[in-house]
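Q: For reference, the structure I am asking about is given below.
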Amino acid sequence: MDKFSKLISLIYGTMLILGGLMGFLKAHSKVSLITGAISGLIVLLSCKIKSKSSYLYISAISLILCGFFSYRFAGSHSFMPSGLMLILSTTTFCVVSLSWFKSRKKK
């Protein structure tokens, strides 16, 4: 994984964990805490893996969360938190996917 996609993924994983924590503290949502922690930890651990599958894990998590936050944003039309997380998820998906395609092209 190149440095830029790794940096974006580390920021994204941290934001997922912090977002889950904020959802729990503000709305007492245990689901936000659990899903934020699990998805954030998967992304952060995938950054540490020195394998081609790390691209797959991060892309899959960010794509699933793109769909989820798109649905939430369409229903609420509020930027926080669904709009912000939609932007972060989409950005992460695009950066990591493009990085994966570039790494495959080099071979």
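The values are calculated or read from the model by the stated rules, or taken from the named source; none is laboratory data. If you're wondering where the values come from, they're calculated on a predicted model, not measured in any experiment. Note that we place each Cβ from the backbone using ideal geometry, even for glycine, and neighbour counts take in every protein chain shown.
Q: Specify which of the listed residues (Ser62, Ser89, Ser97) is part of a helix (DSSP H, G or I), of a type in the set (Gly, Ala, Ser) and surrounded by fewer than 20 Cβ atoms within 10 Å (Cβ to Cβ). Don't jump to the end; show me each part of the working.
A: On the way: Ser62 fails: surrounded by fewer than 20 Cβ atoms within 10 Å (Cβ to Cβ); Ser89 fails: surrounded by fewer than 20 Cβ atoms within 10 Å (Cβ to Cβ).
Matching residue, one of Ser62, Ser89, Ser97: Ser97.
Q: Go through (1) over 16 Å from Gly19 (Cα atoms); (2) touching a His at 6+ places or on another chain (Cβ under 9 Å) one by one and return the number of the condition Lys102 breaks.
A: Result: Lys102 fails condition (2) only.
Q: Could I ask something else about it? Might you let me know whether segment 49-57 holds any residue that is among the charged types (D, E, K, R) and part of a loop (DSSP other than H, G, I, E, B)?
A: Yes: segment 49-57 contains one or more residues that are among the charged types (D, E, K, R) and part of a loop (DSSP other than H, G, I, E, B).
Q: Let me ask something else. Here is a list of conditions, (1) surrounded by 18 or more Cβ atoms within 10 Å (Cβ to Cβ); (2) in contact with a Gly (Cβ under 9 Å, 6 or more places away or on another chain); (3) under 28 Å from Arg104 (Cα atoms), and Tyr55 meets all of them except one; can you say which number that is?
A: Failing condition for Tyr55: (2).
Q: Looking at segment 12-37, which of its residues are surrounded by 14 or more Cβ atoms within 10 Å (Cβ to Cβ) and of a type in the set (A, V, I, L, M, F, W, C)?
A: The initial filter retains those residues of segment 12-37 that are surrounded by 14 or more Cβ atoms within 10 Å (Cβ to Cβ), namely 12-13, 15-17, 19-24, 29, 32-33, 35-37.
Those that are surrounded by 14 or more Cβ atoms within 10 Å (Cβ to Cβ) and of a type in the set (A, V, I, L, M, F, W, C): Met15, Leu16, Ile17, Leu21, Met22, Phe24, Leu33, Ala37.
Q: Let me ask something else about it. Which one of these does His28 not meet: (1) at pLDDT 90 or above; (2) under 21 Å from Lys3 (Cα atoms)?
A: The number of the failed condition is (2).
Q: Report whether or not Leu33 is touching a helix residue (DSSP H, G or I) at 6+ places or on another chain (Cβ under 6 Å), under 30 Å from Arg104 (Cα atoms), assigned to a helix (DSSP H, G or I) and among the aliphatic types (A, V, I, L, M). Break it down stepwise before answering.
A: Details: touching a helix residue (DSSP H, G or I) at 6+ places or on another chain (Cβ under 6 Å): yes; under 30 Å from Arg104 (Cα atoms): no; assigned to a helix (DSSP H, G or I): yes; among the aliphatic types (A, V, I, L, M): yes.
The answer is no for Leu33.
Q: Name every residue in segment 9-67 that is polar (S, T, N, Q) and within 18 Å of Ser99 (Cβ to Cβ), in order of residue number.
A: Ser9, Ser46, Ser51, Ser53, Ser54, Ser59, Ser62
Q: Output the residues belonging to segment 65-78 that are outside any helix (DSSP H, G or I) and either under 20 Å from Val31 (Cα atoms) or under 16 Å from the mean Cα position of the chain (by Cα) (or both).
A: First, the residues of segment 65-78 that are outside any helix (DSSP H, G or I): 77-78.
Once the filter is applied, which keeps residues that are outside any helix (DSSP H, G or I) and either under 20 Å from Val31 (Cα atoms) or under 16 Å from the mean Cα position of the chain (by Cα) (or both), segment 65-78 yields only Ser78.
Q: Which residues, taken from segment 62-86, are of a type in the set (Ser, Thr, Tyr) and at pLDDT 95 or above? Working first, answer last.
A: The first filter runs over segment 62-86 and keeps only residues of a type in the set (Ser, Thr, Tyr), leaving 62, 70-71, 76, 78, 82.
Ser62, Ser70, Tyr71 - these are the residues of segment 62-86 that are of a type in the set (Ser, Thr, Tyr) and at pLDDT 95 or above.
Q: Scan (1) touching a residue at least 40 places away in the same chain (Cβ under 8 Å); (2) in a helix (DSSP H, G or I) for the single condition Met1 breaks and write down its number.
A: (2)
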